[in-house]
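Engineer: The structure under discussion is supplied below as structure tokens; questions concerning it will follow.
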Amino acid sequence: MKVDIPKLLMVFDELLTPPTDEKLGNFWFKTIRTDGLVVVFSFSVYDNYVGILVRDSSDTAIASVNMKDCSEIRVLDESKKHIEIIHDNSKNRCLLLLVGDDILSYSE
């Protein structure tokens, strides 16, 4: 999977270590939005999967999305913290928006 780790580090508040394991290609990022929602973004470079968890400050999971066969993660806009996840051999696309009203949108 293609991904620019330094760009993701500019978008998220922190890289979670553990569970991040660079040797295995597994990365976990976390950010806290201005509304208090916590977004955890994880992916495996070698296994081509992405996981997104949205929870509130009381650790109650509001939404969890797992995607497989991902081919690329792109930072579309660093200032607005917009991230795009693209799937292998399809037109499926997921947008993660860390600033604004919508957090996650998925289209096929």
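Laboratory data are not the source of any read-out in this text; all were calculated from the coordinates shown. Everything numeric here is computed off the predicted structure, so don't read it as measured data.
Engineer: Go through the range 41-58 residue by residue and turn each phi into a ³J(HN,Hα) via Karplus (6.51, -1.76, 1.60, θ = phi - 60°); whole Hz please, and just put x for glycine and proline.
Structural biologist: 10, 10, 7, 10, 5, 8, 9, 6, 10, 9, x, 10, 10, 10, 9, 8, 5, 8
Engineer: Go ahead and estimate [θ] at 222 nm for the chain from helices alone: -39,500 (n - 2.57) per DSSP H run with n ≥ 4, summed, over the residue count, rounded to 500.
Structural biologist: Calculated from helices alone, the mean residue ellipticity at 222 nm is -1500 deg cm²/dmol.
Engineer: Taking a cut-off of 24 Å between Cα atoms, list the lysines near K80, but don't count ones fewer than 8 places away on the same chain.
Structural biologist: Of all the lysines, those that pass the test against K80 - Cα under 24 Å, at least 8 places apart if same chain - are K2, K7, K30, K91.
Engineer: Run the numbers on the chain and let me know its relative contact order in percent, using alpha-carbon pairs under 8 Å that are six or more apart.
Structural biologist: Computed over the chain, the figure is 18 percent.
Engineer: When averaged across all projection directions, what area in nm² does the alpha-carbon convex hull of the chain cover?
Structural biologist: On the way: hull surface 25.9 nm².
Across all orientations, the chain yields a mean hull projection of 6.5 nm².
Engineer: Cα convex hull of the range 1-60: mean projected area in nm², to one decimal? Could the numbers behind the result be given before it?
Structural biologist: Values: hull surface 17.1 nm².
Spelled out: convex hull of the Cα atoms, projected over all directions, averaged, 4.3 nm².
Engineer: Looking only at K68, K23, K81, which one moves most when the chain is put into a Gaussian network model with springs between Cα atoms under 10 Å?
Structural biologist: Among K68, K23, K81, the largest mean-square fluctuation in the Gaussian network model of the chain belongs to K23.
Engineer: Just to compare against my own numbers: the Cα pair-distance distribution for the range 53-108, 10 Å bins, whole % per bin, please.
Structural biologist: The distribution over the range 53-108 is 21, 50, 27, 2, given as percents.
Engineer: Given H placed on each backbone N at 1.01 Å, which residues far from S71 in sequence or on other chains put an amide H within less than 5 Å of it?
Structural biologist: Hits under the 5 Å cutoff: I86, H87, D88.
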